[in-house]
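First up is the structure itself, then whatever we jot down about it.
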Amino acid sequence: MNKIKCIVSDIDGTLLPSGQYALEENVLHTAAQAIERGLLMVAASGRPYMSLKGLWRPLQEQMIFICANGTLMLQNEKILYQKALNKKEALMLVQDIEQQEDCEFLITSPQHCYIRPKTEAYRHRIQDVMGYPARIVHNLHEIPETCLQVSAFREKGIEEVSAGFTKRWGKKVQSVVSGRLWMDFTAFGVSKGTALRELMRQKGLEKEEVAALGDSYNDISMFREAGRAFAMQWSPAQVKQEAHQMTADPIREMKRILEEVS
C-alpha cells in the first residue's frame with residue numbers, strides 16, 4: 001500500500017464543527033505534524049481565500065488552499081489554478097438570488113467577497129461571525145474583480161429553493177449544495193476534485209498517495225480523486241456512498257496516516 005503524501009480536508013462540518021468559528025489547537029497541531037513529516041496539507045472549502053488563510057494563520061505559508069469550491073488554488077500566495085464565472089451571467093444570477101424570498105448572495109473574488117445584505121443578521125454572520133473579508137456594495141456593477149463563485153444563503157434552509165435555482169440556471173452554471181444553508185454556483189467543470197486533480201498533476205502525486213476528508217456534496221468530487229476518502233458519520237447518505245470509510249473523528253484518521261509515514 002502506497003504511503004499517503006497529501007491530506008486534503010474540507011473545513012466546515014469536517015474540521016470545524018457546526019457553530020464553531022475557529023480551528024481547535026489539536027487540528028492545527030496535527031496539521032503541523034503532517035507538514036513536518038513532509039506531507040502536503042490542503043484545505044479545501046467553499047470559503048474565500050482570505051477566510052481560509054485566516055483560519056490557518058499559524059500555518060498559512062505552508063498550506064495549500066483550494067478555495068471557493070475549486071475555483072482558486074494557491075500556495076504561499078502563488079496562484080496554482082483559477083477558473084472564473086462569466087461575469088455577466090454571475091451578476092444576473094445574483095439578481096435572481098435577491099428576488100427570492102429570504103435569500104441573500106455572496107460573490108467571491110480572488111481577494112475579496114461582496115454582499116448587499118437585506119438584513120443586519122446576514123451582515124453580522126458574514127463579516128463578524130464568519131470573518132469573511134466582505135465588502136458591502138450598492139451597485140453590483142461596482143465590483144471590479146473576477147467573479148469566481150456566487151453563493152445563495154437562506155437561513156431557513158436552502159433545500160426549498162435549490163431545485164428552482166437548478167431549473168433556471170442548470171444550463172448556464174454549475175451548482176452544488178454546501179451544507180444546510182448554502183448553495184454555490186461556479187463555472188462548469190470546476191470542483192474541489194478538479195482542483196485536486198490539477199494539484200496532483202503539478203506535484204506528481206498518484207491517487208493512492210492522497211487522502212481526502214469531507215462531509216457534504218461538494219466533497220464528493222475530491223473523494224473520487226483520492227485513494228482514501230473519509231466521510232463524516234453525519235454526512236448525507238449519498239456522500240457516504242462515495243467514501244471508502246466513515247469516521248466521527250477526522251483528526252484521529254489524520255494521526256493514523258501520520259503513524260504510517262513515520
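As a rough guide to protection, the peptides 72-79, 133-140 ranked by mean Cβ packing within 10 Å, highest first, stand as 72-79, 133-140. In whole angstrom, the chain maps to an equivalent ellipsoid with semi-axes of 30, 18, 18, each derived as √(5λ) from the alpha carbon gyration tensor and ordered largest first. If R0 equals 35 Å, the separation of the Cβ atoms of residue 60 and residue 139 corresponds to a calculated FRET efficiency of about 0.60. Here the contact order of the chain, divided by its residue count and restricted to Cα pairs under 8 Å and six or more residues apart, works out to 20 percent. Simple rule: put +1 on each Lys or Arg Cβ and -1 on each Asp or Glu Cβ in the range 190-262, find the dipole, and look at 222, 233, 251; the Cα lying farthest toward the positive end is 222.
With each label point set 7 Å from Cα along the Cα-Cβ vector, what nm distance links residue 203 and residue 121? About 4.0 nm, to one decimal.
Normalised by residue count, the range 111-204 yields a Cα convex hull volume of 138 Å³ per residue. Loop-located GluC sites (Glu not before Pro) in the range 1-67 (DSSP state not H, G, I, E or B) with no more than 16 neighbouring Cβ atoms inside 10 Å: 24, 61. Taking other C-beta atoms within 10 angstrom as a stand-in for reagent exposure, 108, 146, 186 fall in the order 146, 186, 108, fewest first. Legend: translational diffusion of the range 106-262 by Stokes-Einstein, Rh = Kirkwood radius over C-alpha pairs, 10 °C, 1.306 mPa s; D = 90 µm²/s.
Extension gain for residue 234-residue 261 works out to 6.9 nm (0.36 nm per residue, less the C-alpha to C-alpha distance). Here is the list for the range 176-262: GluC sites (Glu not before Pro) lying in DSSP coil, each with at most 15 other C-beta atoms within 10 angstrom of its C-beta, are 206.
Annotation: the range 1-151 has a Kirkwood hydrodynamic radius of 16.5 angstrom, from the mean reciprocal C-alpha pair distance.
One chain, two ends: residue 87 and residue 99. Fully extended at 0.36 nm per residue, the span grows by 2.5 nm beyond their Cα-Cα distance. Ordered from longest to shortest, the equivalent ellipsoid semi-axes for the range 177-233 are 21, 15, 6 Å, each the square root of 5 times a Cα gyration tensor eigenvalue.
Neighbour counts of other Cβ atoms within 10 Å put 258, 199 in the fewest-to-most order 258, 199.
Laboratory data are not the source of any read-out in this text; all were calculated from the coordinates shown. Owing to the predicted nature of the structure, the values given are computational and were not obtained by experimental measurement. Positions of Cβ are generated from backbone atoms using ideal geometry, with glycine treated the same way; all protein chains shown enter the neighbour counts.
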